[in-house]
Amino acid sequence: MASFGLRRHTILSRCLRSLARPLFQPSSGRGFSSTAIPILLERVGFIGLGNMGFHMATNLINAGYTVTVHDIDIGTMKKFSERGVPAKETPREVAESSDVIITMLPSSSNVLDVYTGQNGLLSSGNHLSPWLFIDSSTIDPQTSRLLSDKVSKYHLKGKKGYAENPIMLDAPVSGGVPAAEAGTLTFMIGGMEEAYLAAKPLFLSMGKNTIYCGGTGNGVVSLLLCLNYAAKLCNNLALAISMLGVSEAFALGQSLGITASTLTKVFKSSSARCWISDSYNPVPGVMAGVPSSRNYDGGFTSKLMAKDLTLAMAAATEVGFKCPITSEAYDIYKKMCDEGFESKDFSCVFRHYYSGLVEGTILTVQKQMEVSGGAQTCKILLESAST
C-alpha cells in the first residue's frame, strides 16, 4: 500500500514537471508586460478582499492577470466591478471561470465554508475547472490537510497540461498590509514542489520573496503542508511578542521623559533594532503610512493576532512545548479584543494596553513628572547610570 502511494506521488510529480514547463513558456500578443503570463495561470479567482486580499488581488490585476473576485462585503466587490473586474456572488461562480483560485480569509471556519459550503468552490460536482487552489490564509494544519485531501479526489473538467486532478498549495504570507499594498510580501509555501514552481509567477506578482517549506520524497502530499504553517505561526508568535516589547519600551520611555522619536533613533542604531521600530512604529505621530498614523485602522487586527497565537499555543501543546511568553501575549491581545479593539491593528496595544501617548504630548507628561517628583526619579536614574 505504501509503495502504491509512493508510485502515485512519483507519477504525479513527473506530470507536474511536464505541466510546469509549458507554463513558463512566453506566449505572443501580450503587451502589458515584458514577461508574458503563463497560459494556465491567466484566469485567477480571488476570494477574500479584506485588508490583505484587497491589495493582493489589485496587484494581480495590475500585473495583467484576468481576475475574478468574491467577498461577503458588497461594497468592496463594487470597488472592483467599477474597474471592470468581474465580481461573483458565490465562490462556486468564481471557480467556474478560473484556472487558479487564491483564498485569503480570516479563519479556518471561513476557509472551510468557502471550499465546502453550499455554493463553495467544491460544490459543482466531481469535476472542477481550476487546476490549482492556493490558500494564503493562516489556518490550522488539520484544516489544511483535510482540504488538500478533498481537492485531490476531484477531477478536472478540461485537460490542463498533464494534470488529471486539482492540486492544492498552502501559502501563508508575512509582511502585513504595507507589504501587501507594495507587492513585497513573503510567501511560505507548502505542498508539491512542482506545483509551487509552476505557480511562482503568481506569487512574485504579489510579493518579492517565496520560501518553499515542504520537503520532497515523502510520498504523501498532505504531509508537506505542515512546515509552512509552522513557519507562519512561529513568525507571528515572534511578531506579537516583539510588538509588546517595543510598545512597552516606548511607553516606559515616555514615562521617563524620552520622546518616542528619540527612542526610535536609539533603537535604529543599537541592539534593540527590529522591524517594529524600523517599519511599523506603534506610536502615533512618529511614522507616516502605518496603522498608528491612522487611529490603528487598516492593518493586521488584534483579533487575527489573538487567533494566530491560539494556533501557536495549540501547536506547542501537541508537541509538549511550553511557551509562557506566548501565553502572556495571547492574554494581552484577548484583553484588547474583549475591550472592543478587535478590529484595530495589533499595534494598538501601545495606546490601549500600555496607555502610551501620541507623540507631541510628552511635554505635558514632563511637567506632570516635575510636579509629582518624577524629575527627581529621572535624576536618580541618570546618576546611577553614570556610576
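The values are calculated or read from the model by the stated rules, or taken from the named source; none is laboratory data. Quantities reported herein were computed from a predicted structural model and do not represent experimental measurements. So basically every Cβ, Gly included, is an ideal-geometry build from the backbone, and we count neighbours across all protein chains shown.
Only one residue in Ser271, Ser347 is at pLDDT 95 or above, of a type in the set (S, T, N, Q) and touching a helix residue (DSSP H, G or I) at 6+ places or on another chain (Cβ under 6 Å). Which one?
Ser347
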### Message
So if I check each of Thr317, Thr264, which one is part of a helix (DSSP H, G or I), within 23 Å of Pro178 (Cα to Cα) and either at pLDDT 95 or above or not basic (Lys, Arg) (or both)?
### Response
Thr264
### Query
Leu121 versus (1) among the hydrophobic types (A, V, I, L, M, F, W, C); (2) in contact with a helix residue (DSSP H, G or I) (Cβ under 6 Å, 6 or more places away or on another chain); (3) under 28 Å from Ser302 (Cβ atoms): which is the lone unmet condition?
(3)
### Residue that is modelled with the highest pLDDT [pool: residues in the range 146-175 that are in a helix (DSSP H, G or I) and buried (at least 19 other Cβ atoms within 10 Å of the Cβ)]
Val151
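Residues are listed down the side, and each one gets a yes or a no for (1) under 23 Å from the mean Cα position of the chain (by Cα); (2) modelled with pLDDT under 95; (3) basic (Lys, Arg):
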position	(1), (2), (3)
Arg8	no, yes, yes
Arg17	no, yes, yes
Pro38	no, yes, no
Ile47	yes, no, no
His70	yes, no, no
Thr76	yes, no, no
Val85	no, no, no
Glu93	no, no, no
Pro106	yes, yes, no
### Message
Residues to consider are Ser355, Ser327, Ser293; find the one that is modelled with pLDDT of 95 or more and under 16 Å from Glu248 (Cβ atoms).
### Response
Ser355
### Task
Evaluate the following for Ala272: is it within 22 Å of Ser137 (Cα to Cα) and in the same structural domain as Leu237 (by TED's automatic domain parsing)?
no
